Amino acid sequence: MLFKQQAWLRQKLLVLGSLAVGSLLYLVARVGSLDRLQPICPIEGRLGGARSQAEFPLRALQFKRGLLHEFRKGNASKEQVRLHDLVQQLPKAIIIGVRKGGTRALLEMLNLHPAVVKASQEIHFFDNDENYGKGIEWYRKKMPFSYPQQITIEKSPAYFITEEVPERIYKMNSSIKLLIIVREPTTRAISDYTQVLEGKERKNKTYYKFEKLAIDPNTCEVNTKYKAVRTSIYTKHLERWLKYFPIEQFHVVDGDRLITEPLPELQLVEKFLNLPPRISQYNLYFNATRGFYCLRFNIIFNKCLAGSKGRIHPEVDPSVITKLRKFFHPFNQKFYQITGRTL
């Protein structure tokens, strides 16, 4: 009798165990199907065209970080491109400047957003006559592969200060979104000088001190012929762009704040581009060794900016810094009145 009861109990436990395993397998399969169906990034905004209701499933993010990388390296066939509905799109937003303002950092940080695909290299299409002469299709083929619903963004800082560029971009897309990232003008000018100085030193060449370039020795006034100074007169360049584009198509990013508090600046850009908020504090972590925020795409893939970022600036005569800041002040005030952003 006892033996029969034990046998019955074992049979009952086996049945219950089978039901539990079956239920678990069903849940795993169900979660997997939801994973494929659940949209993660609906594109609700309008970027120079009709409102898109397309959505990004989780699988798309895998392709964005993995498969799209293979396409950029040229390792994909035309059939693979067709199967995954990938295209090379003209940019719907361009970071037009300024040099040494933080254009690379901004581009890399925006690339954290699953709806954004960046051009890895500076194309220099609109500011280079030879490249521009190759035509718009040449430019398009320089763009990365992306899904039709994603936004392609490129950056070329020389665009902001090159006279022909606003008209050329207007002819391509009169409703394009334009991003300008600026820093305090004197700091930006010194950073500009520091990059050139480092290049000279690598070639064992001598170079003038910043003070000698920034101040005209004959007048003892600010040397506006010095390119690093001219570039920092932001309002002069912006006025040329405003002949073609309304101010609503520009967004000014505070490059100094992007260094110390990147998330609020990135959230403002998401809003400007009509993107759903996806970049969070999880994606940004401070690297004490580098002194900069690095990027976290997921638990596996992290990225820091190149070691050339954050160069130590040479010491500059305080009286020269004071003179430059006084010189830039009225231009800064006008820039604030136009854009609503202080420096």
ask   = Where residues in the range 114-164 are among the basic types (Lys, Arg) and over 25 Å from LYS100 (Cβ atoms), which of them is farthest from the chain's Cα centre (by Cα)?
value = LYS134
query = If you scan the range 98-111, which residues turn out to be assigned to a loop (DSSP other than H, G, I, E, B) and buried (at least 22 other Cβ atoms within 10 Å of the Cβ)?
reply = VAL98, LYS100, GLY101, GLY102
query = What helices (runs of 4 or more DSSP H) completely inside the range 255-343 contain at least 1 residues that are among the acidic types (Asp, Glu) and over 24 Å from GLN149 (Cβ atoms)?
reply = 255-260, 262-272
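Just to be sure, is VAL316 within 22 Å of VAL196 (Cα to Cα), of a type in the set (Val, Ile, Thr), crowded, with 16+ Cβ neighbours inside 10 Å and touching a strand residue (DSSP E or B) at 6+ places or on another chain (Cβ under 7 Å)?
Considered against the rule, which asks whether it is within 22 Å of VAL196 (Cα to Cα), of a type in the set (Val, Ile, Thr), crowded, with 16+ Cβ neighbours inside 10 Å and touching a strand residue (DSSP E or B) at 6+ places or on another chain (Cβ under 7 Å), VAL316 comes out as no.
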query = For the range 183-213, which residues satisfy the criterion of being farther than 22 Å from GLY255 by Cα and of a type in the set (Gly, Ala, Ser)?
reply = GLY199
key: Output for the range 117-139, where each listed residue is assigned to a helix (DSSP H, G or I) and either among the aliphatic types (A, V, I, L, M) or surrounded by fewer than 17 Cβ atoms within 10 Å (Cβ to Cβ) (or both)   = ASP129, GLU130, ASN131, ILE136, GLU137, TRP138
ask   = So which of PRO114, PRO91 is touching a residue at least 24 places away in the same chain (Cβ under 8 Å), in contact with a Ser or Thr (Cβ under 7 Å, 6 or more places away or on another chain) and not in a helix (DSSP H, G or I)?
value = PRO91
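None of the figures in this text is laboratory data; all of them are computed from the coordinates on show. This is a predicted model, so every value here is computed, not measured. Ideal geometry is used to build each Cβ from the backbone, glycine not excepted, and the neighbour counts take in all protein chains shown.
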